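A quick write-up on the structure given underneath.
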Amino acid sequence: WKRKWLVIGFGILVLATTHVITKRQKRVYEAVSQIVIDLNAPQYLPRGGTEVVSLGLGAGWNTREFLETQYRIIRSRLVVAMVVERLGLDKDEDFLGITEIDDAERRQRKLNQLDAVGILLARIIVEPSMESRVVRLKVTDHDPKRAMLIANALAQAYADQNVDRKVS
């Protein structure tokens, strides 16, 4: 009997400890934005204008290679830096995780050392949908509104980067 009660007591202790640890953890939310990667790039120049750079599927590319390249562009430091700049994430102490530092001088030193682009890159997942050109851009954050803003800004930054590259 003692052994049985010891096992039951140990089980209750494990459950209680797990419950307390789980309740203390910050919640993590996931926001998703979907984009379609077109194999034939849209025409940005007026009718009759000559395309200098084709962003779509051109000679020498196969579809898989082209799509893999686009996934890498989405997760590139250039595109993610656009998101960080647009949303001011490099100055957002909550996003950077330094709100717990009470000393203002220490907090500023830490702020100067952090790489907001690297932090955001770690929170982004590019998930292609099988058998389609739809791509899900997943962003995790402990603030659901910020996760949504980042996911939408990432999709917009990718589109803007494509237009900028074509226009330049």
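Within the stretch 159-166, does at least one residue satisfy the condition of being without any contact (Cβ under 8 Å) to a residue 60 or more places away in the chain, buried (at least 16 other Cβ atoms within 10 Å of the Cβ) and touching a Phe, Trp or Tyr at 6+ places or on another chain (Cβ under 8 Å)?
Checked the stretch 159-166: no residue is without any contact (Cβ under 8 Å) to a residue 60 or more places away in the chain, buried (at least 16 other Cβ atoms within 10 Å of the Cβ) and touching a Phe, Trp or Tyr at 6+ places or on another chain (Cβ under 8 Å).
Could you tell me whether the stretch 53-65 includes any residue that is modelled with pLDDT of 85 or more, open to solvent by less than 80 Å² (accessible area, probe 1.4 Å) and over 28 Å from the mean Cα position of the chain (by Cα)? No, the stretch 53-65 has no match at all. Residues in the stretch 127-152 that are hydrophobic (A, V, I, L, M, F, W, C) and open to solvent by 30 Å² or more (accessible area, probe 1.4 Å): 130, 134, 148, 149.
Residues that are of a type outside the set (Asp, Glu), surrounded by 15 or more Cβ atoms within 10 Å (Cβ to Cβ) and within 24 Å of residue 163 (Cβ to Cβ) do not occur anywhere in the stretch 93-115. Within the stretch 16-33, work out how many residues are under 19 Å from residue 97 (Cβ atoms) and open to solvent by 100 Å² or more (accessible area, probe 1.4 Å). Going through the stretch 16-33 one residue at a time, the tally reaches 6. When the stretch 77-90 is filtered for residues that are open to solvent by 30 Å² or more (accessible area, probe 1.4 Å) and touching a residue at least 12 places away in the same chain (Cβ under 8 Å), the ones remaining, listed by number, are 77, 78, 81, 82, 86, 87, 90. For the structure I just gave you, tell me whether residue 88 is at pLDDT below 95 and within 17 Å of the chain's Cα centre (by Cα). Criteria not met by residue 88.
The values are calculated or read from the model by the stated rules, or taken from the named source; none is laboratory data. Note that the structure is a prediction, hence the values are computed from the model and not measured. We place every Cβ from the backbone using ideal geometry, glycine too, and count neighbours over all the protein chains shown. Keep in mind that these areas ignore ligands, DNA and RNA; they rest on the heavy atoms of the full protein, side chains included. Shrake-Rupley method; radii C 1.70, N 1.55, O 1.52, S 1.80 Å.
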